Amino acid sequence: EVQLQASGGGSVQAGGSLRLSCVASGFSFDEYAIGWFRQAPGKDREVVSCISETDGTTYYADSVRGRYTISRDNAKNAAYLQMNSLKSEDTAVYYCAARQGGIQFRRETYNYWGQGTQVTVSS
């Protein structure tokens, strides 16, 4: 069974930090790029960050660049999103997703999706 289990969300005050985790099972993790997406109420799901399969290439949305860091540990079948200097506009459900063929921001190209974890940032 293919699974992507996101965790680590919660409620923090503006300026705080959270670290999201995504643990995968049921597929060859190091053959898939990983993306983090988020969706706020009334808004489309948008890409936050992506990381390539093995070479460490990363991309960030302009809104989070300099504050978020994506990483992965293929030995643990896990990916992470370190979120610092959080702002109220970061409030959303965050999803991890996996796809073959390298980094791609288009969400429809992702094969597998996790259930999401809620991040709430209060002022």
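The values are calculated or read from the model by the stated rules, or taken from the named source; none is laboratory data. Quick caveat, the model's predicted, so the values are computed rather than measured. Don't worry about glycine lacking a Cβ; one is built from the backbone with ideal geometry, like all the others, and counts go over all protein chains shown. Side chains are part of the model used for accessible areas, which takes the heavy atoms of the whole protein and leaves out ligands, DNA and RNA. Shrake-Rupley method; radii C 1.70, N 1.55, O 1.52, S 1.80 Å.
Annotations
- Residue-by-residue Karplus 3J(HN,Hα) for the range 87-101, coefficients 6.51, -1.76, 1.60, Hz, glycine and proline x: 10, 4, 6, 7, 4, 4, 8, 9, 10, 9, 8, 10, 8, 8, x
- Accessible surface of THR54 - all protein chains present, 1.4 Å probe, nearest 10 Å²: 110
- Of ARG65, ARG38, ARG107, the order by accessible heavy-atom surface (1.4 Å probe, DNA, RNA and ligands excluded), from most exposed downward, is ARG65, ARG107, ARG38.
- Among GLY16, GLY42, GLY66, the residue with the largest mean-square fluctuation in a Gaussian network model of the chain, with springs joining Cα atoms closer than 10 Å, is GLY42.
- Note on exposure: ASP73, ASP44, ASP30, ASP90 ranked by accessible area (1.4 Å probe, complete protein assembly) read ASP44, ASP30, ASP73, ASP90, with the most exposed listed first.
- Taking 4.7 Å between C-beta atoms as the pairing limit, the chain has these partnerless cysteines: CYS50.
- Exposure ranking of GLU1, GLU31 by accessible area [1.4 Å probe, largest first]: GLU1, GLU31
- At a probe radius of 1.4 angstrom, the accessible area of the chain per residue rounds to 49 square angstrom.
- Think of each Lys and Arg Cβ as +1 and each Asp and Glu Cβ as -1; about the Cα centre, that makes the dipole of the chain roughly 300 debye.
- Accessible-area composition of the range 62-123, carbon plus sulfur, in percent [1.4 Å probe]: 42
- FRET efficiency estimate (nearest 0.05) - Cβ-Cβ, PHE105 to SER11, R0 35 angstrom: 0.80
- Relative contact order %, the chain, counting alpha carbon pairs below 8 Å whose residues are six or more apart: 36
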